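Data first, discussion second: the structure below is written as structure tokens.
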Amino acid sequence: MKTPSARPRARRVLDHSLMVLGAGALATGLGALTLAPGVSAASSHREAPLIAGDPRADNTDVYAFTSPDRSDTVTLVANWIPFEEPNGGPNFYAFADDARYHIKIDNTGDGRPDVTYTWRFRNIVRDDANQFLYNTGPVRTLDDPNLNFRQVYDLTVTEHGHTRTLLHDAPVAPSRVGPASMPDYAALRGQAVRNAPGGAKAFAGQADDPFFADLRVFDLLYGGNLSEVGQDTLAGYNVNSVALQIPKKALALHGNPGRNPVVGIWSTTERRGVNVTDSRAKDPDGGWRQVSRLGNPLVNEVVVPLKYKDAFNSISPDQDRTVQPVVDKVYDPILPKLIQQVYGIPAPKTPRDDLAEIYLTGICKACGPIKADLNAHSLNKDADPSRIVPAEELRLNMAVAPTAKPQRLGVLAGDLAGFPNGRRLTDDVIDISLQAVEGAAQTGKLVPALKDGDKVNANDVGFGRGFPYLALPHTKAVNSPSTGAKRSAMLHPDNAVAIGGVGALLLGTGGFRVWRRRAAKV
């Protein structure tokens with residue numbers, strides 16, 4: 001832990017020689033407030049006032065991981081439209097055809113995108129004069145005449161100011177209306193997986209919402225005594241997803257993942273001619289404006305003050321260090337004080353440079369108290385240190401091989417292929433963040449009073465073994481007896497999971513075990 005004298009140095013945010021240290025300040029808040037009371041409902045669902053009223057532009061989660069069945073590639077997943085109730089007809093759920101959806105990659109560490117993948121969607125309606133139905137009969141193919149409403153998309157990639165098209169008019173997997181309308185939805189969705197140039201694969205369509213958590217956290221941290229835990233609040237809901245499986249060389253600095261394995265990832269949504277103001281006033285120049293942004297989970301909605309949430313959604317990560325009101329908050333994060341107040345667990349000393357590494361600079365031996373070289377941009381051999389700035393991005397070291405038996409607590413459980421080194425679908429980001437804010441990344445020990453977390457340890461349905469890995473969307477109503485907690489309980493058998501200290505590489509302290517529930521096999 002650095003002494004308090006690090007605090008004024010970190011505030012010199014324009015001094016590149018101290019940028020990495022300065023990043024720690026903002027990261028402390030970005031990561032530390034994971035479970036603090038806020039205005040959102042889950043992950044980054046409805047995290048800011050304006051985007052809560054624009055669900056088709058609201059990106060909910062970003063995932064990035066080395067593909068377990070194609071280890072020379074990385075899979076990127078971004079989700080939009082939170083809380084899709086399966087029975088939301090007759091129009092169901094479509095991507096906006098007047099927006100641009102992006103996944104952005106920073107491989108230099110300057111907080112700006114070096115590679116940008118962009119999806120633009122177009123609607124096709126067969127009969128809008130004589131039909132009101134999404135489909136007029138059973139749908140067995142994506143071009144089935146019975147599918148009255150369809151979407152297609154163009155996928156482009158922009159590098160060094162040049163844009164090229166990877167896919168044109170690729171089909172979107174439709175919303176899953178139900179078994180009568182779509183008797184074999186798995187086969188139907190499989191038709192939406194498309195090969196793209198350079199050995200890539202792409203997918204766009206509806207999926208089960210892979211985020212899992214018990215959101216009674218907002219009732220004074222699960223009722224003040226951890227009594228209100230164990231129900232997956234997101235069970236039964238769907239999202240709209242884009243997924244891309246891309247060779248690592250397409251993402252790495254200079255195309256060399258061996259020398260430059262670390263990348264930062266985030267997603268954004270843009271609308272044309274919109275300003276981020278209370279009225280969403282039209283911009284007279286008609287240009288594209290960013291209205292939503294997401295990198296690490298649980299950031300905007302629980303760390304950024306209400307006054308600045310919409311502004312945060314509008315800026316690029318390279319500007320994060322200039323938001324002084326947020327920077328001021330991060331040296332003394334709220335959540336540890338709340339935990340101390342509710343549960344009597346002493347808050348770790350500040351400033352929290354360990355959280356800084358996890359959420360803003362990436363983890364490296366020179367970055368802070370976690371003495372491991374894991375996923376900081378400074379580990380890229382060809383990166384210019386003078387250009388590296390503190391920026392909120394989901395960082396992934398592509399050189400870390402997939403784990404044969406992934407641990408849901410990721411790096412905290414000695415599994416370096418998991419969050420916060422990227423994010424897999426199975427990573428339990430709620431429990432990871434809760435333990436991290438209480439200092440587990442430094443001590444190598446879970447806080448005993450909080451070791452069970454929210455007792456939602458896996459998604460309500462299993463994930464797939466191949467791209468796009470996402471579970472199929474639900475068809476039953478969220479308030480059906482077969483959804484929610486009852487289904488979650490059936491799919492989460494008790495089992496022991498080893499939660500060792502990350503050992504010499506990361507946590508550096510003795511091993512330990514706690515009893516956990518094992519995610520359902522898929």
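If you take the residues in the stretch 143-174 that are of a type in the set (D, E, K, R) and outside any loop (DSSP other than H, G, I, E, B), which one is most open to solvent (accessible area, probe 1.4 Å)? Only one residue fits best here, namely ARG164. So, ALA180, is that one of a type in the set (A, V, I, L, M), open to solvent by 50 Å² or more (accessible area, probe 1.4 Å) and closer than 29 Å to VAL478 by Cβ or not? The answer is yes for ALA180. Please determine, by comparing only the residues of the stretch 449-473 that are modelled with pLDDT of 85 or more and of a type in the set (A, V, I, L, M), which one is surrounded by the fewest Cβ atoms within 10 Å (Cβ to Cβ). The residue in question is LEU472. Among the residues making up the stretch 53-79, a single one is of a type outside the set (Lys, Arg), open to solvent by 20 Å² or more (accessible area, probe 1.4 Å), touching a strand residue (DSSP E or B) at 6+ places or on another chain (Cβ under 8 Å) and at pLDDT 95 or above: ASP72.
Quick check, is LEU446 out of contact with any helix residue (DSSP H, G or I) (no Cβ under 8 Å at 6 or more places or on another chain) and at pLDDT 85 or above? No, not satisfied.
Is at least one residue of the stretch 72-89 of a type in the set (Ser, Thr, Tyr) and within 29 Å of ARG424 (Cα to Cα)? If you could, list the steps in order and put the result at the bottom.
Of the stretch 72-89, the ones of a type in the set (Ser, Thr, Tyr) are 73, 75.
Subset that is within 29 Å of ARG424 (Cα to Cα): 73, 75.
Within the stretch 72-89 (the criterion being of a type in the set (Ser, Thr, Tyr) and within 29 Å of ARG424 (Cα to Cα)), the answer is yes, since at least one residue qualifies.
Does ASP354 satisfy the condition of being open to solvent by less than 10 Å² (accessible area, probe 1.4 Å) and more than 20 Å from ASN107 (Cα to Cα)? If you could, list the steps in order and put the result at the bottom.
Details: open to solvent by less than 10 Å² (accessible area, probe 1.4 Å): yes; more than 20 Å from ASN107 (Cα to Cα): yes.
Criteria met by ASP354.
In the set (1) at pLDDT 95 or above; (2) in contact with a Phe, Trp or Tyr (Cβ under 9 Å, 6 or more places away or on another chain); (3) not charged (D, E, K, R), LEU221 fails one condition alone, (1). Just so you know, in the stretch 190-221 the residues that are of a type in the set (D, E, K, R) and not in a loop (DSSP other than H, G, I, E, B) include one that is surrounded by the fewest Cβ atoms within 10 Å (Cβ to Cβ), and it is ARG194. Restricting attention to the stretch 357-367, the residues being open to solvent by less than 10 Å² (accessible area, probe 1.4 Å) and of a type in the set (Val, Ile, Thr) number 1.
Sub-6 Å Cβ pairs linking a first residue in the stretch 130-151 that is farther than 14 Å from PRO171 by Cβ and in contact (Cβ under 8 Å) with a residue 12 or more places away in the chain to a second residue that is open to solvent by 20 Å² or more (accessible area, probe 1.4 Å) and not in a loop (DSSP other than H, G, I, E, B), at least 6 apart or interchain, are TYR134/PHE149, ordered by first then second residue. Taken over the stretch 80-115, the criterion of being at negative phi, open to solvent by 20 Å² or more (accessible area, probe 1.4 Å) and not in a loop (DSSP other than H, G, I, E, B) is satisfied by ARG100, LYS104. Please go through the stretch 392-424 and give me each residue that is touching a strand residue (DSSP E or B) at 6+ places or on another chain (Cβ under 7 Å), farther than 16 Å from GLU357 by Cα and either among the aromatic types (Phe, Trp, Tyr) or open to solvent by less than 10 Å² (accessible area, probe 1.4 Å) (or both), ordered by number. Of everything in the stretch 392-424, just one residue is touching a strand residue (DSSP E or B) at 6+ places or on another chain (Cβ under 7 Å), farther than 16 Å from GLU357 by Cα and either among the aromatic types (Phe, Trp, Tyr) or open to solvent by less than 10 Å² (accessible area, probe 1.4 Å) (or both), namely MET398.
Looking at the stretch 96-139 only, could you name the residues that are closer than 19 Å to TRP288 by Cα and in contact with a helix residue (DSSP H, G or I) (Cβ under 8 Å, 6 or more places away or on another chain)? Those that are closer than 19 Å to TRP288 by Cα and in contact with a helix residue (DSSP H, G or I) (Cβ under 8 Å, 6 or more places away or on another chain): ALA96, ALA99, ARG112, ASP114, VAL115.
Could you list, in sequence order, all residues of the stretch 235-249 that are assigned to a loop (DSSP other than H, G, I, E, B) and in contact with a helix residue (DSSP H, G or I) (Cβ under 8 Å, 6 or more places away or on another chain)? Before the answer, list the steps.
Of all residues in the stretch 235-249, those assigned to a loop (DSSP other than H, G, I, E, B) come to 235-237.
Within the stretch 235-249, ALA235, GLY236 qualify.
Count, please, the residues in the stretch 120-142 that happen to be outside any loop (DSSP other than H, G, I, E, B) and over 25 Å from VAL242 (Cα atoms). Matching residues across the stretch 120-142 total 0.
Rundown of residues vs (1) over 27 Å from TYR359 (Cβ atoms); (2) in contact with a Pro (Cβ under 7 Å, 6 or more places away or on another chain); (3) not β-branched (Val, Ile, Thr), yes/no style:
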{"site": "ASN91", "(1), (2), (3)": "yes, no, yes"}
{"site": "ALA99", "(1), (2), (3)": "yes, no, yes"}
{"site": "ILE103", "(1), (2), (3)": "no, no, no"}
{"site": "VAL115", "(1), (2), (3)": "no, no, no"}
{"site": "ASP127", "(1), (2), (3)": "yes, no, yes"}
{"site": "TYR134", "(1), (2), (3)": "yes, yes, yes"}
{"site": "THR141", "(1), (2), (3)": "yes, no, no"}
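Yes or no: ASN240 under 21 Å from the mean Cα position of the chain (by Cα) and either open to solvent by less than 50 Å² (accessible area, probe 1.4 Å) or at pLDDT 95 or above (or both)?
Numbers: under 21 Å from the mean Cα position of the chain (by Cα): yes; either open to solvent by less than 50 Å² (accessible area, probe 1.4 Å) or at pLDDT 95 or above (or both): yes.
Answer is yes for this residue.
Under the condition of being under 15 Å from ASP373 (Cα atoms), touching a Phe, Trp or Tyr at 6+ places or on another chain (Cβ under 8 Å) and at pLDDT below 95, the residues counted in the stretch 421-443 number 0.
So, PHE132, is that one hydrophobic (A, V, I, L, M, F, W, C), open to solvent by 60 Å² or more (accessible area, probe 1.4 Å) and at pLDDT below 95 or not?
Working: hydrophobic (A, V, I, L, M, F, W, C): yes; open to solvent by 60 Å² or more (accessible area, probe 1.4 Å): yes; at pLDDT below 95: yes.
So PHE132 passes the test.
ASP427 meets all of the listed conditions (1) open to solvent by less than 10 Å² (accessible area, probe 1.4 Å); (2) without any contact (Cβ under 8 Å) to a residue 12 or more places away in the chain but one, namely (2). Of the helices (runs of 4 or more DSSP H) lying entirely inside the stretch 313-408, those containing at least 3 residues that are within 21 Å of the chain's Cα centre (by Cα) are 353-356.
The values are calculated or read from the model by the stated rules, or taken from the named source; none is laboratory data. Note that the structure is predicted; figures quoted are calculated from it, not measured. Methodologically, a virtual Cβ is constructed for each residue, glycine included, from the backbone with ideal geometry; neighbour enumeration extends over all protein chains shown. Only protein heavy atoms, including side chains, enter the accessible area calculation; ligands, DNA and RNA are left aside. Shrake-Rupley method; radii C 1.70, N 1.55, O 1.52, S 1.80 Å.
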